[in-house]
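Structure, as structure tokens:
The values are calculated or read from the model by the stated rules, or taken from the named source; none is laboratory data. All values derive from a computational prediction rather than experimental measurement. Ideal geometry is used to build each Cβ from the backbone, glycine not excepted, and the neighbour counts take in all protein chains shown. Heads up: the accessible areas ignore ligands, DNA and RNA and are worked out on the full protein's heavy atoms, side chains in. Shrake-Rupley method; radii C 1.70, N 1.55, O 1.52, S 1.80 Å.
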Amino acid sequence: MKNIFNPTDNEELIARIEKLTPETKALWGKMSIDQMLSHCIAPIDIAFGTQTIKMPFLMGLLGRMMKKKWLNAPEFNKNSPTAKEFIRINSYDFEKTKQELIEKTRKFQDGTKVIKLEVHPFWGKLSTEDWNNLQWKHLDHHLRQFGV
């Protein structure tokens with residue numbers, strides 16, 4: 001699997017993000033391109049400790065039970081469920097949001113020290129490998145959703 005902390009692999013993700021245009025349409029799902037970009041920023045902000053989410057106890061328990069299944073899956077399934085805090089219904093400035101996602105994705109090149117959250121509210125304790133796995137698969141999932 002590719003590694004979001006590896007500069008070469010990271011730049012591959014960024015090159016895919018850079019191919020997106022305001023006219024890019026989703027191959028599946030309900031989000032517009034600007035909503036997808038904003039949606040992809042949210043889990044990064046969780047990892048960096050700049051955003052928090054509250055998880056009901058039972059949901060956190062469910063996440064911990066599902067963690068290995070998700071981590072071992074080759075990719076995320078289409079129309080997978082998401083946390084309510086990550087759902088986007090508004091419109092966002094495409095260029096500004098795209099640049100923010102690129103900058104935050106590139107920050108992973110600084111290495112694992114950028115991860116500030118040790119225990120995720122849904123997934124529980126995450127190793128560096130787990131964070132790579134989840135962040136890479138999430139970005140890859142949505143970039144595939146929009147054909148890049």
Inset, instruction - Putting +1 on Lys and Arg Cβ atoms and -1 on Asp and Glu Cβ atoms, find which of 117, 99, 148 reaches farthest to the positive end of the dipole of segment 67-148. - result: 117
Inset, instruction - Quote to one decimal, in nm, the extra length available between residue 76 and residue 95 on full extension: 0.36 nm per residue of separation minus the C-alpha distance between them. - result: 4.2 nm
Inset, instruction - List, in the order given, every pair from 25/113; 78/98; 69/96 whose Cα-Cα distance in the structure shown is over 31 Å. - result: 25/113; 69/96
Inset, instruction - For segment 115-123, take each phi angle, set θ = phi - 60°, evaluate the Karplus expression 6.51 cos²θ - 1.76 cosθ + 1.60, and give the result in whole Hz per residue in order, putting x for glycine and proline. - result: 6, 9, 9, 8, 10, 6, x, 9, 7
Inset, instruction - Quickly estimate the mean residue ellipticity at 222 nm for the chain, helices only: each DSSP H run with n ≥ 4 gives -39500 (n - 2.57), and the total goes over all residues, rounded to 500. - result: -17000 deg cm²/dmol
Legend entry - Per residue solvent-accessible surface (Å²) - segment 1-137, probe of 1.4 Å: 59 Å²
Inset, instruction - Let me know the Rg and Dmax you get for the chain when you use only its Cα atoms, in Å. - result: 14.5, 40
Legend entry - Percent RCO, i.e. relative contact order, over the chain, from Cα pairs under 8 Å lying at least 6 residues apart: 47 percent
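Over the chain, what percent of the accessible surface lies on carbon and sulfur atoms, probe 1.4 Å?
It is 55 percent, rounded to a whole number.
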Inset, instruction - Take the alpha-carbon centre of segment 69-126, take the same for segment 1-50, and report the distance between them in whole Å. - result: 8 Å
Inset, instruction - Return one number: the angle in degrees, 0 to 90 and rounded to the nearest 10, between the long axis of the Cα atoms of helix 57-72 and the longest principal axis of the Cα atoms of the chain. - result: 70 degrees
Legend entry - Nearest-ten-degree value, helix 128-145 long axis tilted from longest Cα axis of the chain: 40 degrees
